[in-house]
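Engineer: Got a structure for you, questions after.
The values are calculated or read from the model by the stated rules, or taken from the named source; none is laboratory data. Quick caveat, the model's predicted, so the values are computed rather than measured. With ideal geometry, Cβ positions are generated from the backbone for all residues, glycine too; neighbour counts draw on all protein chains shown. For accessibility, only protein heavy atoms count, side chains too; no ligands or nucleic acids. Shrake-Rupley method; radii C 1.70, N 1.55, O 1.52, S 1.80 Å.
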Amino acid sequence: MTDEEIKALFLRELHRIAPEVELSEIDPAVDLREQIDLDSMDILNLAIAIHEATGVDIPEADYPQMASLNGCVAYLHSRTRQER
Amino acid sequence: MADFLMPSLGADMEVGTVLQWLVKPGDVVKRGDIVAVVDTEKATIEVEIFLAGVIQKIVVPEGEKVPVGTLLALLTTDGEAVTAVPEAKPKPAAPAPVVSPLAPPTPPLVARPTPIPAPPHRPRISPLAMRVAMDLKVDLATVQGTGPEGAITKADVERAAKAPPPPAPEPAVAAPIAGPAPTAPPKAAPIDHRAAMRKVIAAAMARSKREIPHYYLGTHIDMSNATGWLQVENLKRPVTDRLLYSVLLLKAVALAARQIPEMNGFWIDGAFKPSEAVHVGVAISLRQGGLIAPAIHDVDKKGLGEIMVSLRDLVKRVRAGVLRSSEIADATITVTSLGEQGVETVFGVIYPPQVALVGFGKIVERPWASGGMVGARPVVMASLSGDHRASDGHRGGLFVATLERLLQEPEKL
């Protein structure tokens with residue numbers, strides 16, 4: 001998966017979870033729990049969507065690492081490298 | 001001929017706007033089918049019908065705002081001969097019960113084990129976009145959806161509103177289903193949902209504090225068994241099946257409510273009416289402000305995995321602004337969990353006509369003395385707001401103690 005594909009997937013799912021959020025205003029570097037008040041249910045749904053699209057199983061302990069757009073891209077890169 | 005009326009979706013609802021009909025004359029409906037989408041001040045609700053039969057006539061067209069109790073549609077029920085629709089049916093004269101919004105609401109439906117059916121297929125549109133379309137008087141049939149799976153988004157509607165009017169669409173497409181000729185545009189005034197929701201919360205909470213003599217109990221609960229068990233359990237589960245700890249809390253509350261039935265039910269017409277079923281209302285805050293507490297049905301009978309699925313589904317639909325009528329009207333006890341906001345203690349306000357509200361704060365690590373030793377344990381503050389008309393502090397205390405005991409054996413939940 002390319003960075004662009006990961007980003008598109010992340011934003012598409014974010015739109016589903018938080019339809020009221022203007023995606024163009026998301027700061028890719030900032031944790032979404034602080035930025036738009038996502039809760040543990042929202043983060044779990046994000047993890048599930050990413051798992052379903054990429055096949056990467058994300059342990060609970062790693063959720064914080066993928067709670068921002070940039071963090072998610074970096075995290076998926078490191079995970080897919082490990083598994084190769 | 002049977003009447004399908006604008007339902008009362010919670011103690012705080014006075015009027016509703018029919019956003020969309022999902023049935024038309026001649027359609028066969030059964031109990032639990034979703035037949036219409038109604039906008040209340042608080043949310044967009046998919047309204048289920050509790051009659052079986054054939055739709056004969058749609059009385060209130062899409063876009064019209066009517067009081068609770070207004071005749072929305074006529075249907076012939078099973079076994080009844082299908083008769084011609086009486087054309088001279090007088091206009092519904094708003095037969096809403098002449099009561100103030102603060103009068104006792106109609107008793108919510110309880111003990112209805114019918115599973116909630118999946119909503120019928122229809123073009124995907126977010127409720128927000130639907131409201132905007134109504135406010136801007138945009139015909140949705142002319143809007144091209146650009147959202148996920150071709151869904152129509154708010155931006156699509158706004159774009160369509162700015163664009164020059166498209167060539168007149170086929171009349172068959174533009175005409176509202178079975179409504180009167182579209183000469184009169186929808187009369188619904190634009191609704192400021194945030195302000196409207198504030199108003200209904202204000203009315204319900206003011207009524208609660210005026211009528212319900214609350215008593216409050218609280219205790220600290222050692223959560224080391226629960227969180228430890230959950231960690232191990234979640235390691236075994238794929239990400240799609242993982243549990244949030246609030247699922248343990250909901251199940252424990254439901255089991256405790258079954259054991260101490262004075263906490264589970266309604267105060268109606270000067271008397272406590274216990275409920276057989278345990279439908280747990282879950283207070284879910286909306287990011288734009290406000291909150292809503294729809295119910296998960298039969299939590300006492302569901303496994304943890306099942307409750308998790310229901311909770312995920314519910315939160316998703318609350319965030320999207322679409323709920324079902326039965327979920328809104330029939331919680332028998334409510335749970336509020338403010339832990340995520342970092343608060344340690346919450347003493348909540350009971351949502352009438354319910355008689356109890358259970359609050360949970362944040363799980364924090366605290367020194368905990370046990371067996372003559374002090375150690376660090378994850379601890380949560382559990383509180384009960386009880387209706388003193390329905391129960392006393394002694395029974396309330398038993399309820400909290402039962403809750404604590406249940407949370408010590410998470411594997412049995």
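Engineer: Between segment B:388-413 and segment B:281-307, what is the separation of their alpha carbon centroids in Å?
Structural biologist: What the calculation gives is 19 Å, centre to centre.
Engineer: Okay, moving on. If you keep only loop residues by DSSP, which GluC sites (Glu not before Pro) in segment B:326-376 have at most 16 other Cβ atoms within 10 Å of their Cβ?
Structural biologist: B:344
Engineer: What accessible area, summed over both chains, is buried at the A-B interface (1.4 Å probe, Å², nearest 100)?
Structural biologist: 2000
Engineer: Just the accessible area for residue A:40, please: 1.4 Å probe, Å², rounded to the nearest 10?
Structural biologist: Residue A:40 has an accessible surface of roughly 40 Å² with all protein chains in place.
Engineer: Moving on. How charged is the neighbourhood of residue B:73? Take every other residue with its Cβ under 9 Å from the Cβ of residue B:73, and add Lys/Arg as +1 and Asp/Glu as -1.
Structural biologist: Computed value for this residue: 0.
Engineer: Residues of segment B:315-329 losing 30 Å² or more of accessible surface, assembly versus chain alone, probe 1.4 Å, please list them.
Structural biologist: With the partner chains in place, segment B:315-329 has these residues losing at least 30 Å²: B:315, B:316, B:319.
Engineer: Mind scanning A:7/B:162; B:42/B:316; B:42/B:209; B:57/B:154 and naming the pairs with a C-alpha gap bigger than 24 Å?
Structural biologist: Listed pairs above 24 Å: A:7/B:162; B:57/B:154.
Engineer: Working with all protein chains in place, sort B:360, B:347, B:50 by solvent-accessible area computed with a 1.4 Å probe, largest first.
Structural biologist: B:347, B:50, B:360
Engineer: Also, quick follow-up: Using alpha-carbon pairs under 8 Å, 6+ residues apart, how would you state the relative contact order of segment B:305-413 in percent?
Structural biologist: For segment B:305-413, the relative contact order is 18 percent.
Engineer: HN-Hα J couplings of segment B:18-29 from phi, Karplus 6.51/-1.76/1.60, θ = phi - 60°, integer Hz, Gly and Pro as x?
Structural biologist: 6, 7, 7, 8, 9, 10, 9, x, x, 6, 8, 10
Engineer: Per residue of segment B:328-337, in order, report the coupling 6.51 cos²θ - 1.76 cosθ + 1.60 (Karplus, θ = phi - 60°) as ³J(HN,Hα) in whole Hz, putting x for Gly and Pro.
Structural biologist: 6, 8, 10, 4, 9, 7, 10, 10, 10, 10
Engineer: What does the charge count around residue B:217 come to, taking other residues whose C-beta lies under 12 Å from its C-beta (Lys +1, Arg +1, Asp -1, Glu -1)?
Structural biologist: -1
Engineer: Oh, and also: Please work out how much accessible surface residue B:373 shows to a 1.4 Å probe, ignoring ligands, DNA and RNA, in Å² rounded to 10.
Structural biologist: Surface accessible to solvent at residue B:373 totals approximately 130 Å².
Engineer: I've got another one for you. Report the Cα centroid-to-centroid distance between segment A:1-74 and segment B:339-381 in angstrom, as an integer.
Structural biologist: Using only Cα atoms, the two centres lie 29 Å from each other.
Engineer: May I pose another question? Report ³J(HN,Hα) in whole Hz for each residue of segment B:39-56, in order, from the Karplus equation J = 6.51 cos²θ - 1.76 cosθ + 1.60 where θ = phi - 60°; Gly and Pro get x.
Structural biologist: Along segment B:39-56, the couplings run 9, 9, 5, 9, 6, 8, 10, 8, 8, 8, 9, 10, 10, 10, x, 10, 5, 9 Hz.
Engineer: A further question on this structure: Report, by chain and number, residues whose modeled amide H sits under 5 Å from the one on residue B:291, excluding near sequence neighbours (fewer than 5 apart, same chain).
Structural biologist: When sequence neighbours closer than 5 places are left aside, the close amide H contacts are B:286.
Engineer: Taking a ≥ b ≥ c as the square roots of the eigenvalues of the Cα gyration tensor of segment B:241-354, is the shape rounded (a/c under 1.5), prolate (a/b larger than b/c) or oblate?
Structural biologist: Judged from the Cα gyration tensor, segment B:241-354 comes out rounded (a/c under 1.5).
Engineer: Please arrange B:209, B:57 by accessible surface area, largest first, computed with a 1.4 Å probe and ligands excluded.
Structural biologist: B:209, B:57
Engineer: Quick one: Cα convex hull volume of chain A, Å³ per residue?
Structural biologist: 83
Engineer: List the residues, sorted by chain then number, that are 5 or more residues from residue B:59 or on another chain and whose placed amide H is less than 5 Å from its amide H.
Structural biologist: The list, which skips near neighbours in sequence, is B:73, B:74.
Engineer: Which three numbers, in whole Å and largest first, are the semi-axes of the equivalent ellipsoid of segment B:286-413 derived from its Cα gyration tensor as √(5λ)?
Structural biologist: Working through the eigenvalues yields semi-axes of 27, 19, 16 Å.
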